[in-house]
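A quick write-up on the structure given underneath.
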Amino acid sequence: MPAILLQLLAATLYIALALLGWKGRPRGPALDQTQRSASAIERWLLFFALLLHAASLKGEIFPGDAMRFSFAIALSVMVWLALTLYWVEGFYARLEGLQLIGLPLAVVCVLLPAVMPGEHILANAHSTGFRMHFLMAMLAYSLFTLAAFHALLMAVLEKNLHRGQLPPLLAGLPPLLTMESLLFQLIHVAFVLLTLTIGSGIFFSESLFGKALTLNHKTVFAVISWMIFAALLIGRHMRGWRGRFALRWTLAGFGALLLAYVGTRFVLEVILGRVS
């Protein structure tokens, strides 16, 4: 099946899920509502949408024997993995509010590779070391993406609680302390993966590319992101950082990480019109 057809089918399912979630939202005062959990049908629809999205990504990334990766594909992979992790996480915690951010973003990102195809072919794609490095990088990006979703929802929830108002749309979220605990669990795992990604990049650079790791924009922003998250975790353990302060550090670290690859590829491919 052509990638564009898979993308359109996945986008249609994402839109349908977003509409179902919006239509089924509770109305009236939040405290008077029986909280709604995602139905089994919605979970299965999301599962099939993720399968279609994954199949489209396979066609985009592997158009034959080569391996292609552009900023549009990077965004699509990150959102797909984040939604997959959210789908798994949904079995353990009620986080329906994440759909408010994730599904509309997924509609855009699943179609983005078709609208803005990239021709950047990755060298050494058959190397086991490179594939491990690539997999760890994508998992780290996706976990941090999910953490950013968490942080944004927590910021909105906290703002409304301080005002003494809780919209019904947010009433199904766990308590702030529970969400904060989930946020730092995500950050801990993602930080380990980011550390391994940077470490493997340094280790494999010489063997894969025949030269030491260069200090380019991607490396600089990745290291800046690592330093921000390292400071956040140290502050969390030693000084008990939490609340808005921790949320700002989380979003700042994610912003730096987003610039590390996606931002760099966007400048090269879209603004400068370069493939390499």
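The values are calculated or read from the model by the stated rules, or taken from the named source; none is laboratory data. If you're wondering where the values come from, they're calculated on a predicted model, not measured in any experiment. Don't worry about glycine lacking a Cβ; one is built from the backbone with ideal geometry, like all the others, and counts go over all protein chains shown.
Does segment 248-268 contain at least one residue that is charged (D, E, K, R), farther than 23 Å from Glu89 by Cβ, assigned to a helix (DSSP H, G or I) and at pLDDT below 80?
Yes, segment 248-268 contains at least one residue that is charged (D, E, K, R), farther than 23 Å from Glu89 by Cβ, assigned to a helix (DSSP H, G or I) and at pLDDT below 80.
Taking only segment 100-150 into account, find how many residues are β-branched (Val, Ile, Thr), assigned to a helix (DSSP H, G or I), more than 13 Å from the chain's Cα centre (by Cα) and modelled with pLDDT under 85.
2
Can you tell me which residue among Arg43, Arg68, Arg36 is surrounded by 18 or more Cβ atoms within 10 Å (Cβ to Cβ) and at pLDDT below 90? Outline the logic, then answer.
On the way: Arg43 fails: surrounded by 18 or more Cβ atoms within 10 Å (Cβ to Cβ); Arg36 fails: surrounded by 18 or more Cβ atoms within 10 Å (Cβ to Cβ).
Every option except Arg68 fails the conditions.
Evaluate segment 185-195: report whether one residue or more is at pLDDT below 70 and loosely packed, with under 15 Cβ neighbours inside 10 Å.
Initially, segment 185-195 is screened for residues at pLDDT below 70, giving none.
Within segment 185-195, none of the residues are at pLDDT below 70 and loosely packed, with under 15 Cβ neighbours inside 10 Å.
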